[in-house]
Amino acid sequence: MLDAQGYLKLIDFGIAKKLEEGKTRTFTMIGTPHYMAPEIMRGHGYGTEVDLWSLGVILFEFVCGYLPFADELDDPTEVCTAVLKDPLDFPARFKDAQCKTVIQGMLNRQPKKRLGAGLNGWEDIRTPGGSGERRVQSA
């Protein structure tokens, strides 16, 4: 959102949750289905990996112009089914292999294998594939 002076502001942290000390999972089901990670939909509890999934959805939408799953669907049940089962397909015009690797990694349906969820966190996102070569430059 832009403020009156034209500055970009991050908003809508109403769904943020601070976990109790020693807890790594929560079970609250809240969010917009198109951006929700599969583990939220399954209802078995989830951790911070869901944020990586949501960022992957946002990145896909930003570079492709539409949502990666159920873009034309509104029914929450149908959206959840698509998020859980549909393949991740990029448009034929999308040629950036490095960006594709990052988005595919963030949209891995297995939370522990999701890009950025490992011990190295952000560093794994900056060097997808583990080559050690920095592929995503920080600003």
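General remarks:
- Helices in the chain, meaning DSSP H runs of at least 4 residues, each add -39500 (n - 2.57). Divided by all residues, the mean residue ellipticity at 222 nm is -9500 deg cm²/dmol.
- Subtracting the Cα-Cα distance of Glu21 and Tyr7 from their residue separation scaled by 0.36 nm leaves 1.5 nm.
- Counting other Cβ atoms within 10 Å as a rough exposure proxy, the listed residues Phe69, Phe94 run Phe94, Phe69 from fewest neighbours to most.
- Expressed as a whole percent, the proportion of Cα-Cα pairs in the chain lying more than 19 Å apart is 57%.
- Across the cross-link table entries Lys9/Lys112; Lys23/Lys112; Lys9/Lys95, which are compared at the Cα atoms, the separations over 20 Å belong to Lys9/Lys112; Lys9/Lys95.
- Note on Asn120 and Ile30: the extension gain reaches 29.6 nm, defined as 0.36 nm multiplied by sequence separation minus the Cα-Cα distance.
- Within the chain, helices built from complete DSSP H runs that reach 15 Å or longer along their own axis (Cα positions) and carry a mean Kyte-Doolittle hydropathy of -0.5 or higher are 49-64.
- Relative contact order (percent, whole number), the stretch 33-126, Cα cutoff 8 Å, 6+ residue spacing: 31 percent
- Taking Met29, Met1, Met36, Met41 and counting other C-beta atoms within 10 Å, the order from fewest to most: Met1, Met29, Met41, Met36
- Remark: Tyr7, Tyr46 ranked as Tyr7, Tyr46, counting other beta-carbon atoms within 10 Å and listing the fewest first.
Since every read-out is calculated from the coordinates, none of them should be taken as a lab result. None of these values were measured; they are calculated from a predicted model. In this analysis, Cβ positions are derived from the backbone assuming ideal geometry, glycine residues included, and neighbour counts consider all displayed protein chains.
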